[in-house]
Every structure is written in C-alpha cells, then in structure tokens.
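Since the structure comes first, as structure tokens, the remarks are kept for the end.
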Amino acid sequence: KEIEESLIAKEIDIAVHSLKDMDSVENNKLSICAYLKRNDFRDVIISEKIKNINDLREGVKIGSSSRRRELQLKKINKKISVINLRGNIDTRINKISENNLDGIILAAAGVKSLNLNEKIGFTFESEDVLPAVGQGIIAVQCRKDDKIKDFIKKLNDSETNLCAIAERKMLQTIGGDCETAIGGLAEINNSNLRLRAQLFSDNGEESFEYELTGKGKDASIIGKDMGEKLLNL
C-alpha cells in the first residue's frame, strides 16, 4: 500500500511487487504494465529433517503465516502441528531452532531469489500443494496515465501475463484477497490455458477443487468462470 501511495504521489515512477501479495482489485489510478517471466511457483519446506512428503508425520511442527498452507498441510496429515510464524525469510529460518520447529513452509521463488536453495529440504509439486494466486510472478506497476508504461510493457512475458489474468480474475470473482485460503495456478501449453483451483471453507473443514481449460486468449473468461464455479460448489 505504501509503495502504491508513493506511486500515486509521483514520488516514484515504477513499483515492483510480488503479485501474490497484491490486492485482486487494483487501484484505478494505477496499472500493472508488465509481468516478468514466472519463477518457480511451488512451495518448499525449509528443514534438515523433512526430505519427502512421507516425513510429514503426526506430531511434526511446521511454521507458517498462511491459512492456505496450514489447511493444505492438514489435508496431507491432519495431525501436523502448524505454528503461526511471521517475519522475513531470514527471520523465519532462524525461528526453526528458536521455536523447536521441524521446518517452515515458504514460496520457492523467494527462497531461491536469496540463494538459499541449500536450505530446502523438500519441494511440493502442485498436485500436492497448489500455490497462491500469482505466486512466483513479479508485477511491474506504474500510473495509468504515465507514458513510461510503453517502456515497461517491453518487459512483459506474454504467457505469464495470461496466467496472471486468469488467476487474478478468479480471485476477483470470489471476492478474495491474499488472505483468502485458496490455491490457484494457471499454466499454458500449446496456446491452451489450464486453470486449477482449491478453495477451503471458512472453518477449514472442507475443500473445493476444480479445473478448467480453454484457449489462452480467453484467460479472463476462464478465470471468471472458475470463480463462479467455486462459488456454486
């Protein structure tokens, strides 16, 4: 929010965000002018003990600040203990020993951007843990009426752009935000877009999963259809 306020106030000309942390409805004075090529969208466990999904046994303690991740872990094994943990990546890693945790769950993209790959004990495939909407995508934002957007657009990755549109439209349709317990991932293959979603009930007892495919050019329509399907499940 502070970065966007600086952009509106013309204190800065370009804002760079992790897309998964942005509101699904953008400020009407601003525009995302480019999506950089998507990085690794998966989630990882930082741990010296957990090396595969079968290590997520009863009594294992995992640190996380995400309701989505907590419920996805509980779906793998309901007897996992999920401990609320906040702070930047370095802070969270330090808290593994401080809080006597078996590990923490984070986005692979953030861990790899800090060259902390060696800390990764296990990487989830999206079939087991569907990532947050926009995870692994960097969004470049500017003022809607600023000529600089023509320059920024040159950085745009077309496939990532379509995936971001589909995922964010889905989130907008259900009225969700970065705190909503939902996983969503769009992927492009031969101009076709596949969108998968997993939405948890407010109490976390139920999860609703759905998949849609269509032409990449229809990304917004697919996202809207997915949102409506989830609301009606």
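The values are calculated or read from the model by the stated rules, or taken from the named source; none is laboratory data. Worth saying up front: this structure is predicted, and the values here are computed from it rather than measured. A quick note on method: Cβ atoms are made from the backbone with ideal geometry, for glycine too, and the neighbour counts reach across all protein chains shown. These accessible areas exclude ligands, DNA and RNA; they are computed on the full protein's heavy atoms, side chains included. Shrake-Rupley method; radii C 1.70, N 1.55, O 1.52, S 1.80 Å.
Here is a list: Asn99, Asn52, Asn88. Which entry is of a type in the set (S, T, N, Q), open to solvent by 30 Å² or more (accessible area, probe 1.4 Å) and closer than 27 Å to Ala197 by Cβ?
Asn52
Give Ala139, Ala107 a once-over and let me know the one that is surrounded by 13 or more Cβ atoms within 10 Å (Cβ to Cβ), touching a Phe, Trp or Tyr at 6+ places or on another chain (Cβ under 7 Å) and in contact (Cβ under 8 Å) with a residue 24 or more places away in the chain.
After ruling out the rest, the residue left standing is Ala139.
Without any contact (Cβ under 8 Å) to a residue 60 or more places away in the chain, closer than 22 Å to Ser31 by Cβ and open to solvent by less than 10 Å² (accessible area, probe 1.4 Å): is that true of Gly134 in this structure?
Against the criterion (without any contact (Cβ under 8 Å) to a residue 60 or more places away in the chain, closer than 22 Å to Ser31 by Cβ and open to solvent by less than 10 Å² (accessible area, probe 1.4 Å)), Gly134 does not qualify.
Among the residues of the stretch 58-67, write down those that are touching a residue at least 40 places away in the same chain (Cβ under 8 Å) and surrounded by fewer than 20 Cβ atoms within 10 Å (Cβ to Cβ).
If the condition is that a residue be touching a residue at least 40 places away in the same chain (Cβ under 8 Å) and surrounded by fewer than 20 Cβ atoms within 10 Å (Cβ to Cβ), then Lys61, Arg67 are the ones that fit.
Looking at the stretch 2-25, which of its residues are in a loop (DSSP other than H, G, I, E, B) and either on the phi > 0 side of the Ramachandran plot or touching a residue at least 60 places away in the same chain (Cβ under 8 Å) (or both)? I'd like the intermediate steps shown before the answer.
So in the stretch 2-25, the residues in a loop (DSSP other than H, G, I, E, B) come out as 9-14, 22-25.
Scanning the stretch 2-25 gives Lys10, Asp13, Ile14, Met22, Asp23, Ser24, Val25.
If you take the residues in the stretch 142-161 that are within 30 Å of Arg69 (Cβ to Cβ) and not in a helix (DSSP H, G or I), which one is most open to solvent (accessible area, probe 1.4 Å)?
Ranking the candidates gives Asn156 first.
Does the stretch 179-188 contain at least one residue that is more than 21 Å from Val16 (Cα to Cα), assigned to a loop (DSSP other than H, G, I, E, B), in contact (Cβ under 8 Å) with a residue 24 or more places away in the chain and aliphatic (A, V, I, L, M)?
Yes, the stretch 179-188 contains a residue that is more than 21 Å from Val16 (Cα to Cα), assigned to a loop (DSSP other than H, G, I, E, B), in contact (Cβ under 8 Å) with a residue 24 or more places away in the chain and aliphatic (A, V, I, L, M).
If we scan the stretch 83-97, do we find a residue that is within 18 Å of the chain's Cα centre (by Cα), touching a residue at least 60 places away in the same chain (Cβ under 8 Å) and closer than 23 Å to Glu125 by Cβ?
Within the stretch 83-97, not a single residue is within 18 Å of the chain's Cα centre (by Cα), touching a residue at least 60 places away in the same chain (Cβ under 8 Å) and closer than 23 Å to Glu125 by Cβ.
Please indicate, with yes or no, whether at least one residue in the stretch 36-57 is assigned to a strand (DSSP E or B), farther than 19 Å from Ile93 by Cβ, in contact with a Phe, Trp or Tyr (Cβ under 9 Å, 6 or more places away or on another chain) and not acidic (Asp, Glu).
To start, the set of residues in the stretch 36-57 that are assigned to a strand (DSSP E or B) comprises 43-46.
Going one step further and asking which of them are farther than 19 Å from Ile93 by Cβ, we end up with none.
Looking through the stretch 36-57, none of the residues is assigned to a strand (DSSP E or B), farther than 19 Å from Ile93 by Cβ, in contact with a Phe, Trp or Tyr (Cβ under 9 Å, 6 or more places away or on another chain) and not acidic (Asp, Glu).
Identify, please: which residue in the stretch 24-41 is open to solvent by 50 Å² or more (accessible area, probe 1.4 Å) and more than 12 Å from the chain's Cα centre (by Cα) and is, among those, nearest to Lys10 (Cα to Cα)?
Within the stretch 24-41, the match that is nearest to Lys10 (Cα to Cα) is Lys29.
If the Cβ limit is 8 Å and pairs must be 6+ apart or interchain, which residue in the stretch 44-57 that is in contact (Cβ under 8 Å) with a residue 40 or more places away in the chain pairs with which residue that is of a type in the set (S, T, N, Q)?
Val44/Thr123; Ile45/Thr123
Would you confirm whether or not the stretch 201-216 contains a residue that is open to solvent by less than 40 Å² (accessible area, probe 1.4 Å) and assigned to a helix (DSSP H, G or I)?
Taking every residue of the stretch 201-216 in turn, at least one turns out to be open to solvent by less than 40 Å² (accessible area, probe 1.4 Å) and assigned to a helix (DSSP H, G or I).
Determine if the stretch 16-33 includes at least one residue that is in contact with a Ser or Thr (Cβ under 8 Å, 6 or more places away or on another chain) and at pLDDT 95 or above.
no
Are any residues in the stretch 129-162 modelled with pLDDT of 95 or more and acidic (Asp, Glu), and if so, which ones?
Within the stretch 129-162, Asp157, Glu159 meet the criteria.
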